[in-house]
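Sharing a structure below in structure tokens format, with a few things to ask.
Read-outs: derived from the displayed coordinates by stated rules, not from any lab. Given the structure is predicted, the values throughout are model-derived calculations rather than measurements. No Cβ is skipped: glycine too gets one built from the backbone with ideal geometry, and neighbour counts run over all protein chains shown.
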Amino acid sequence: MRRERLSVVANEQVGPYTLLRVARGAVDPGVPGQFFMLEAPGRLLPRPMSLCLAPSGELAFLIDPIGPGTVALCELAQGENINVFGPLGNGFVLDLDRPLLVGGGIGIAPLPFLSESLGRPPAVLGFRSDRHAEAAGLVPNAQCCVEPTFVTELIPEGMDVLACGPEPMLHAVRALAPTAQLAWEAPMACGYGACYGCAVEIDGELKRLCVEGPVLRAA
Amino acid sequence: MLLNASGCLDGLTAPDVARSLDAFVTKTVTPLPRDGNAPVRIAETDVGMLNSIGLANPGIDRFLTRNLPQLAELGVPIWVSVGGFETDDYADICSRLDDHAEVSAIELNVSCPNVETPADSAAEIVSASRLATRKPLWAKLSPAVPGIAEVARAAQASGADGLSLVNTIRGLKLDERTLRPVLGPGQGGLSGPALKPIALAAVATCYRATQMPIVGMGGVQTGLDALELIAVGARHVALGTVLFADPDAPARVRAELHAAAATRGWNAYEDGYAVAHEETLSAGATLDERSSV
Ligand SMILES: Cc1cc2nc3c(=O)[nH]c(=O)nc-3n(C[C@H](O)[C@H](O)[C@H](O)COP(=O)(O)OP(=O)(O)OC[C@H]3O[C@@H](n4cnc5c(N)ncnc54)[C@H](O)[C@@H]3O)c2cc1C
Ligand SMILES: Cc1cc2nc3c(=O)[nH]c(=O)nc-3n(C[C@H](O)[C@H](O)[C@H](O)COP(=O)(O)O)c2cc1C
Ligand code: FES
């Protein structure tokens with residue numbers, strides 16, 4: 001992992017989300033499911049973001065503007081610079097026979113990079129609205145649904161599930177696919193084990209998600 | 001010396017960051033293991049952050065058998081932060097740390113805002129710990145007490161070798177939408193830039209009251225922030241919240257500190273020690289604690 005000041009190449013609208021593309025510098029893109037801490041201009045703490053795509057010479061992040069930090073990131077203009085620190089945490093295990101990607105809402109963020117790394121396996125994605133579903137275009141071979149249909153209705157049996165999405169979705173996926181690899185979220189101040197802020201219950205104990213995860217096996 | 005603030009760095013997950021400091025301070029260790037408070041445990045505020053970690057730590061047994069041997073391999077002096085719920089807890093842990101040569105100093109956390117402590121006084125805790133160990137003892141005080149000068153003098157009279165100033169002060173953040181607390185336990189400790197003026201005042205007051213060595217901390221983001229703490233009487237400076245956003249802060253702050261000293265024509269930043277207490281350059285305020293409005 002490495003912290004470097006990177007310059008913004010472009011900030012593109014994808015439905016209600018923004019795809020933030022920065023020049024890669026000497027930062028390693030890491031493994032799909034790993035994340036980076038991005039300086040959010042004007043904020044004290046950086047914000048955790050999964051790597052969405054790793055086009056040559058770039059790192060790209062898909063961002064949902066839900067609060068001050070993510071709004072600041074979505075407002076960055078070409079040529080502005082931000083500190084980027086990573087890759088952090090543990091990503092997905094990629095040695096699988098029948099991978100199926102499952103994503104909900106902004107939880108699709110790590111799936112484009114994951115799809116490329118796995119040779120574009122099938123994906124099922126769920127969104128809140130047609131506008132949100134515009135982001136499905138980022139994921140190859142994706143079947144897409146919009147509420148009131150839930151993505152869990154699209155998961156066939158016998159697949160090696162890799163999922164990212166809101167917590168209720170992850171619980172539902174876990175019930176269907178007990179060995180699924182799930183990417184969780186928690187509020188994070190540091191992303192590298194320093195603050196103990198990201199504690200979640202893992203195996204009956206409170207552990208740091210940024211150190212043990214964010215990708216955890218369901219079982 | 002440049003240190004980390006207790007609870008703001010894990011030397012085992014970030015050994016390179018720990019090695020970039022002059023000493024590594026552990027997260028507060030308590031007699032028994034603690035899981036810590038229920039999430040949510042952190043929240044950003046306007047110019048700071050709140051935390052309600054709740055002293056999550058492995059407990060002294062596991063700390064001694066598992067963590068300390070690994071920390072010793074870092075090759076930097078180790079300061080152990082000690083916490084407890086009654087005086088005996090502190091004394092017991094101090095006596096168990098006493099024969100570990102790899103421990104350079106002990107910081108007595110008598111001021112965590114995230115655990116309800118039946119307030120055994122700081123002086124009692126320092127006295128009991130003094131009998132239990134020959135290691136240097138630093139008493140870490142809260143700035144949220146009415147007479148911090150008295151607490152500092154009492155710690156000195158009880159055998160403390162130095163003071164760590166300051167711990168966080170209690171704060172609350174509401175979710176704008178629901179108007180309910182963001183943090184799981186409700187309230188938490190405020191750290192970061194919001195704490196800096198409070199830290200400067202506490203260091204200035206305790207320096208005047210005791211002339212003891214002080215580790216200054218609270219809202220340090222830059223070398224100039226560190227120099228201000230030194231100017232009011234800190235011998236050493238600790239970095240806390242800044243490490244979350246910038247793991248490279250130790251090297252940066254050190255470089256900025258040297259540069260800030262050089263622009264004043266000083267050979268070293270130590271030349272700035274307690275200069276704020278010298279005759280003021282222009283007629284005006286002094287730092288005497290009684291001069292406040
Ligand atoms: C490992 C990891 C990877 C992530 N990847 C992405 C990504 O690729 N794209 C993306 O858009 N977002 C991602 N997030 C979430 C993102 O970090 C948060 O949305 C962001 O920090 C919110 O900051 P803010 O200042 O905009 O909003 P805040 O003011 O911090 O939060 C606004 C609202 O969202 C809630 N919230 C904040 N953080 C979280 C969280 N982590 N989980 C659940 N609720 C939260 C708050 O309680 C509040 O109600 C990721 C989070 C983690 C932990
Ligand atoms: C997440 C977090 C955890 C902390 N844990 C401890 C702790 O275990 N023991 C302690 O004495 N102080 C603890 N502190 C307080 C810091 O050591 C320091 O006194 C305070 O944060 C002020 O410095 P800063 O503004 O540079 O962060 C913690 C602070 C934070 C932000
Ligand atoms: S985010 Fe700080 S320990 Fe995980």
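For peptide B:239-249, what's the mean number of Cβ atoms from other chains within 10 Å of each residue's Cβ? Before the final figure, lay out the partial values.
On the way: counts 0, 2, 5, 1, 5, 12, 13, 7, 8, 5, 0.
The per-residue average across the peptide is 5.
Kindly rank A:113-119, A:159-165 from highest to lowest mean number of other beta carbons found within 10 Å of each residue. Working shown, then result.
Working: A:113-119: 19.6, A:159-165: 25.0.
Descending packing order for the listed peptides: A:159-165, A:113-119.
How well do other chains shield peptide A:195-206, expressed as the mean number of their Cβ atoms within 10 Å of each residue Cβ? Walk me through the numbers on the way to the answer.
Numbers: counts 14, 14, 11, 4, 12, 1, 3, 0, 0, 1, 2, 9.
Average neighbour count from other chains, rounded to a whole number: 6.
So what's the gap between the Cα centers of the range B:57-94 and the range B:144-197, to the nearest angstrom?
Centre-to-centre distance over Cα atoms comes out at 22 Å.
Which is farthest toward the positive dipole end of the protein assembly as shown among B:Trp138, A:Asn90, B:Tyr273, measuring Cα position about the Cα centre, with Cβ charges +1 (Lys, Arg) and -1 (Asp, Glu)?
B:Tyr273
What whole-number distance in Å separates the alpha-carbon centres of the range A:178-219 and the range B:243-272?
35
Indicate the helices, whole DSSP H runs only, in chain B that combine a mean Kyte-Doolittle hydropathy of -1.0 or more with a Cα extent along their long axis of 20 angstrom or more. All intermediate terms of the calculation are to be shown ahead of the outcome.
Details: long enough: B:196-210 (21 Å, 0.75); B:249-263 (21 Å, 0.17).
Long hydrophobic helices here: B:196-210, B:249-263.
For A:Asp160, which sequence-distant residues (separation of 5 or more, or a different chain) have an amide H within less than 5 Å of its own amide H, given hydrogens modelled in the peptide plane?
A:Arg98, A:Leu100
Shape of chain B from its Cα gyration tensor (a ≥ b ≥ c, root eigenvalues): rounded if a/c is under 1.5, otherwise prolate when a/b > b/c, or oblate?
Values: a/c = 1.31, a/b = 1.20, b/c = 1.09.
It is rounded, given that a/c, with a ≥ b ≥ c, falls under 1.5.
Shifting gears a bit: Along the range B:29-46, what does the Karplus equation 6.51 cos²θ - 1.76 cosθ + 1.60 (θ = phi - 60°) give for ³J(HN,Hα), rounded to whole Hz, x for Gly and Pro?
Once rounded to whole Hz, the list reads 9, 10, x, 10, x, 10, 6, x, 7, 5, x, 6, 10, 9, 8, 7, 10, 4.
What three numbers, in Å, describe the spread of the alpha carbons of chain A along their principal axes, ordered from the longest?
46, 39, 30
Taking each residue of B:33-40 in turn, how many C-beta atoms of other protein chains fall within 10 Å of its C-beta, and what is the average? Intermediate values should be presented prior to the final figure.
Values: counts 1, 1, 6, 4, 3, 3, 9, 5.
Mean partner shielding for this stretch: 4.
Would you mind checking which residues have amide H under 5 Å from B:Ser81's amide H? H placed 1.01 Å from N; only 5 or more apart, or other chain.
B:Thr26, B:Val29, B:Glu107
For the range B:46-137, what does the alpha-carbon gyration tensor say about shape, rounded, prolate or oblate, given a ≥ b ≥ c as the root eigenvalues, a/c under 1.5 as rounded, and a/b over b/c as prolate?
Numbers: a/c = 1.83, a/b = 1.16, b/c = 1.57.
It is oblate, given that a/c is not under 1.5 and a/b is not larger than b/c.
Taking a ≥ b ≥ c as the square roots of the eigenvalues of the Cα gyration tensor of the range B:1-104, is the shape rounded (a/c under 1.5), prolate (a/b larger than b/c) or oblate? Intermediate values should be presented prior to the final figure.
Numbers: a/c = 1.91, a/b = 1.16, b/c = 1.64.
It comes out oblate by the Cα gyration axes.
Which value, in debye to the nearest 20, describes the size of the charge dipole of the protein assembly as shown about its Cα centre when Lys and Arg Cβ atoms bear +1, Asp and Glu Cβ atoms bear -1, and nothing else is charged? Don't jump to the answer; show the numbers that get you there.
On the way: 38 positive and 57 negative charges, 58 e Å.
With Lys and Arg at +1 and Asp and Glu at -1, about 280 debye.
Follow-up question, since we're still on this one. How large is ³J(HN,Hα), in whole Hz, for each residue of the range B:72-86 in order, when computed from phi with the Karplus curve 6.51 cos²θ - 1.76 cosθ + 1.60 and θ = phi - 60°, using x for Gly and Pro?
My calculation for the range B:72-86 gives 4, 6, 4, x, 10, x, 10, 9, 9, 8, 10, x, x, 10, 8 Hz in order.
OK, next. Count neighbours as other Cβ atoms within 10 Å of each site's Cβ, and list the GluC sites (Glu not before Pro) in the range B:114-192 that are DSSP loop with at most 13 such neighbours.
Here the GluC sites (Glu not before Pro) that fit, given the DSSP loop and packing criteria, are B:Glu116, B:Glu176.
With +1 on the Cβ of every Lys and Arg and -1 on the Cβ of every Asp and Glu, and nothing else charged, how large is the dipole of the range A:2-88 about its Cα centre, in debye rounded to the nearest 20?
In total the dipole reaches around 200 debye.
Sticking with this structure for a sec: Could you derive backbone 3J(HN,Hα) for the range A:114-127 from the dihedral phi with the Karplus parameters 6.51, -1.76 and 1.60 (θ = phi - 60°), listing whole Hz in sequence and x where the residue is Gly or Pro?
Each residue of the range A:114-127 in turn: 5, 4, 4, 5, 9, x, 6, x, x, 9, 10, 10, x, 9 Hz.
Just to confirm the number: angle between the C-alpha axis of helix A:167-176 and the first principal axis of chain A, 0 to 90 degrees, nearest 10?
For A:167-176 against chain A, the angle is about 30 degrees.
How large is the Kirkwood hydrodynamic radius of the protein assembly as shown, counting all unique pairs of alpha carbons, in Å? Walk me through the numbers before you get to the answer.
Numbers: mean 1/r = 0.0410 Å⁻¹.
Evaluated over the protein assembly as shown, this radius sits at 24.4 Å.
Ok, one more. So which GluC sites (Glu not before Pro) in the range B:247-278 pass both tests, a DSSP loop state and at most 14 other Cβ atoms within 10 Å of the Cβ?
Values: sites: B:Glu256, B:Glu270, B:Glu278; in loops: B:Glu278.
For GluC sites (Glu not before Pro) across the range B:247-278 that sit outside H, G, I, E and B with at most 14 neighbouring Cβ atoms in 10 Å, the list reads B:Glu278.
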